[in-house]
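J.: Let me give you the structure first, and then I'll get to my questions.
The values are calculated or read from the model by the stated rules, or taken from the named source; none is laboratory data. As the structure is a prediction and not an experimental result, all values here were calculated from the model. For neighbour counting, all protein chains shown are included, and Cβ atoms are generated from backbone atoms with ideal geometry for every residue, glycine included. Accessible surface areas use protein heavy atoms only, side chains included; no ligands, DNA or RNA. Shrake-Rupley method; radii C 1.70, N 1.55, O 1.52, S 1.80 Å.
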Amino acid sequence: MTSSLEEIGVCRDMVDARLSEMFTEAGLSYATLVESIRYSLLAGGKRIRAIICMKFCEAAGGELADALEAACAIEMLHTYTLIHDDLPGMDGDDTRRGIPSNHIEFGEFTAILAGDALQASAFETLANSALEPQSVIRMIKVLAKAAGPHGICGGQYLDLSGEGWQLTFDELIELYSMKTAALISAAAILGVIAADGTPEQIKAAGDYAKAIGLAFQVRDDVLDCISTQEELGKPIGSDIENEKSTFVSLLGIDACEKLIHKETEKAIKALEGKFENTKFLTWIAQTLADRNN
């Protein structure tokens, strides 16, 4: 019997192998830009969004490989957000995943362009998928919505414009539903679409992902207060330094722990009766709720 950790390893290895094949052109006049793209894209990371995409595809009756291009597109888009988040005009963080941030290593304009290129390449990767054209179009629409003003960009705007004062609970929910949960939801939904899943399964995947996305962000806020830079691979305490509203600053750590587990239970409940086998998806929701990095 394959363990859940082994299942993670299988998905991560597939994604890492496929991503390593990309951006490998030799002799380019803009080789440094391509190097900066690979620097961040292949810097490791949990690949949680990609794994969720592939495992939802499997849960909906598909094969892991059916969702591989979608999973890689998700990782490209996620990496773009990390590169841009770290920029001086955004969060201004100098390290990411235990190494210098892209703009520290390659300079600010190269980092901006690397992020831009990764966002465009995410959609190119989806467009080149071998899935049915109608499915590919649906996936591109889902990912575009998650990436745009009603998703990641809007959430980042609310995050940065809210610095300096305490946001309300509802404002924080709106912010992180867009900034964090939108891409996790897109990952889950893309997986179901790759398997030609039902509308009910798509809705369940979205509901599950929104809940774990919120739990994921609340856990991040807690870790920013109680963890170390070595454990997280990025600076801690930056939320306080940037005078950002967080769930911890609003609710306190104990209430945050309760919220994390409430949202995790909501995520697991969303799957009931919609998929034949939800063991892994249940396990990963619980594991993310209890993570320490």
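J.: Subtract the Cα-Cα distance of residue 250 and residue 169 from 0.36 nm times their separation in residues, and report this length gain in nm to one decimal. Intermediate results must be reported in sequence, preceding the final value.
T.: On the way: separation 81, 0.36 × 81 = 29.16 nm, distance 0.74 nm.
That works out to 28.4 nm of additional length.
J.: About the Cα centre, and with charges only on the beta carbon of Lys, Arg (+1) and Asp, Glu (-1), how big is the dipole of segment 141-214? Nearest 20 debye, please. Numbers along the way, then the final one.
T.: Values: 5 positive and 8 negative charges, 51 e Å.
Dipole about the Cα centre, nearest 20: 240 debye.
J.: If you don't mind, another one. What FRET efficiency comes out for residue 20 versus residue 272 if R0 is 51 angstrom and r is the Cβ-Cβ distance? Round to the nearest 0.05.
T.: 0.85
J.: Once neighbouring chains are kept in place and the probe is 1.4 Å, which whole percent of the accessible area of the chain is contributed by carbon and sulfur? Before the final figure, lay out the partial values.
T.: On the way: 7170 of 13320 Å².
The C+S portion of the solvent-accessible surface of the chain is 54 percent.
J.: Of 17, 168, 261, whose Cα points farthest to the positive end of the dipole of the chain (charges on the beta-carbon: +1 Lys, Arg; -1 Asp, Glu; origin at the Cα centre)?
T.: My answer, from the dipole projection, is 261.
J.: Note down the accessible area of residue 171, probe 1.4 Å, to the nearest 10 Å².
T.: Counting only protein heavy atoms, residue 171 exposes about 80 Å² to solvent.
J.: Moving on. Given charges of +1 on the Cβ of Lys and Arg and -1 on the Cβ of Asp and Glu, with all other atoms neutral, how large is the dipole of the chain about its Cα centre, in debye to the nearest 20?
T.: So the dipole magnitude of the chain works out to roughly 700 debye.
J.: Rank 155, 65, 118 by how far each Cα sits towards the positive end of the charge dipole of the chain (+1 on Lys, Arg Cβ; -1 on Asp, Glu Cβ) and give me just the farthest.
T.: 65
J.: Write out the trypsin sites (Lys or Arg not before Pro) in segment 71-144 meeting two conditions: DSSP loop, and at most 12 other Cβ atoms within 10 Å of their Cβ.
T.: Listed in order of number, the matching sites amount to none.
J.: Could you work out [θ]222 nm for the chain from helices alone, using -39500 (n - 2.57) per DSSP H run of at least four and dividing by all its residues? Round to the nearest 500 deg cm²/dmol.
T.: The per-residue figure over the chain is -22000 deg cm²/dmol.
J.: Right, here's the next one. Ranked from the most accessible area to the least, with a 1.4 Å probe and all protein chains present, what is the order of 123, 247, 275, 169?
T.: Putting 123, 247, 275, 169 in descending order of accessible area: 169, 123, 275, 247.
J.: How long are the three semi-axes of the equivalent ellipsoid of the chain, in whole Å, if each is the root of 5 times an eigenvalue of the C-alpha gyration tensor, listed from largest down?
T.: 27, 26, 17
J.: Given a 1.4 Å probe and heavy atoms of the protein chains only, how would you sort 261, 103, largest accessible area at the top? Walk me through the numbers on the way to the answer.
T.: Working: 261 75, 103 25 Å².
Putting 261, 103 in descending order of accessible area: 261, 103.
J.: Hey, if you put +1 on the Cβ of every Lys and Arg and -1 on every Asp and Glu Cβ in the chain, which of 32, 88, 289 ends up farthest toward the positive end of that dipole?
T.: 289
J.: May I pose another question? Which of the lysines could be linked to residue 203 by a straight reach, that is with a Cα gap under 29 Å, when you skip same-chain ones fewer than 8 residues away?
T.: Answer for residue 203, where 29 Å is the Cα cut-off: 46, 55, 141, 145, 179, 258, 262, 266, 269, 274, 279, listed by chain and number.
J.: Let me ask you something else. Rounded, prolate or oblate: which fits segment 1-152, taking a ≥ b ≥ c as square roots of the Cα gyration tensor eigenvalues, rounded meaning a/c under 1.5, else prolate when a/b beats b/c?
T.: Prolate, because a/c is 1.5 or more and a/b exceeds b/c.
J.: With a 1.4 Å probe and all protein chains left in place, how much accessible area per residue does the chain have, in Å²?
T.: 45 Å²
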